1. Got a sec? Which of 21, 67, 50 is assigned to a helix (DSSP H, G or I), at pLDDT 85 or above and surrounded by fewer than 15 Cβ atoms within 10 Å (Cβ to Cβ)?
2. Just to be sure, is residue 117 among the basic types (Lys, Arg), assigned by TED's automatic domain parsing to the domain that holds residue 84 and touching a residue at least 12 places away in the same chain (Cβ under 8 Å)?
3. Being out of contact with any strand residue (DSSP E or B) (no Cβ under 8 Å at 6 or more places or on another chain) and part of a helix (DSSP H, G or I) is the filter here, so list the residues in the stretch 24-47 that pass it.
4. Which number in (1) surrounded by 15 or more Cβ atoms within 10 Å (Cβ to Cβ); (2) out of contact with any Asp or Glu (no Cβ under 6 Å at 6 or more places or on another chain); (3) of a type outside the set (Val, Ile, Thr); (4) modelled with pLDDT under 90 marks the one condition that residue 39 misses?
5. Which residues, taken from the stretch 92-134, are surrounded by 16 or more Cβ atoms within 10 Å (Cβ to Cβ) and outside any helix (DSSP H, G or I)?
Amino acid sequence: MKAWLRNGDVVSGLVLATLGAFILQQALGWDYLTPDGPGAGFFPRWYGVAMLILSLVQVVRSLRAPAAQSAHEGSSRRALICWGALVGCVLLMKWLGFLASVALLCWFLATVLFERRHGPAIAFALVAAIGFWLLFDVALGVSLPRGPWGI
């Protein structure tokens, strides 16, 4: 097996580049601008472009400096934990709502991945979740999943 296939940064970069290309391809079929402002394709188009470019940069950087990758052997495990936590957050949103599930995600990432104490992690989780809720639900009017507490 080729060495670059065993490099997690190369493989994940290629997977993310494929996802970015798919998002971009789908967004091209949606309105970019409407008479009222940005259309449904505006954000996904730029998100797909950014995802595609940044993931290809990751692949190129990983291929140019393969010796430096040995220092990051645990990074694949941490990345999988992060992805799993994000999937768990999305699955919990239906039952707990946006605010509680994002707070749990932030607390989990702070305590498990960044090894912070519970007190600061809880404070960070609450501030981050409330900040996201204020930005998206209150300021932008995006309808977010509501939990059993109505928020």
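1. Working: 21 fails: surrounded by fewer than 15 Cβ atoms within 10 Å (Cβ to Cβ); 67 fails: at pLDDT 85 or above.
Step by step, each of 21, 67, 50 is checked, and only 50 is assigned to a helix (DSSP H, G or I), at pLDDT 85 or above and surrounded by fewer than 15 Cβ atoms within 10 Å (Cβ to Cβ).
2. No; evaluated as a whole, the condition is false for this residue.
3. Selection gives 24, 25, 26, 27, 43, 44, 45, 46, 47.
4. Residue 39 satisfies every listed condition except (2).
5. Of everything in the stretch 92-134, just one residue is surrounded by 16 or more Cβ atoms within 10 Å (Cβ to Cβ) and outside any helix (DSSP H, G or I), namely 116.
The values are calculated or read from the model by the stated rules, or taken from the named source; none is laboratory data. Note that the structure is predicted; figures quoted are calculated from it, not measured. Positions of Cβ are generated from backbone atoms using ideal geometry, with glycine treated the same way; all protein chains shown enter the neighbour counts.
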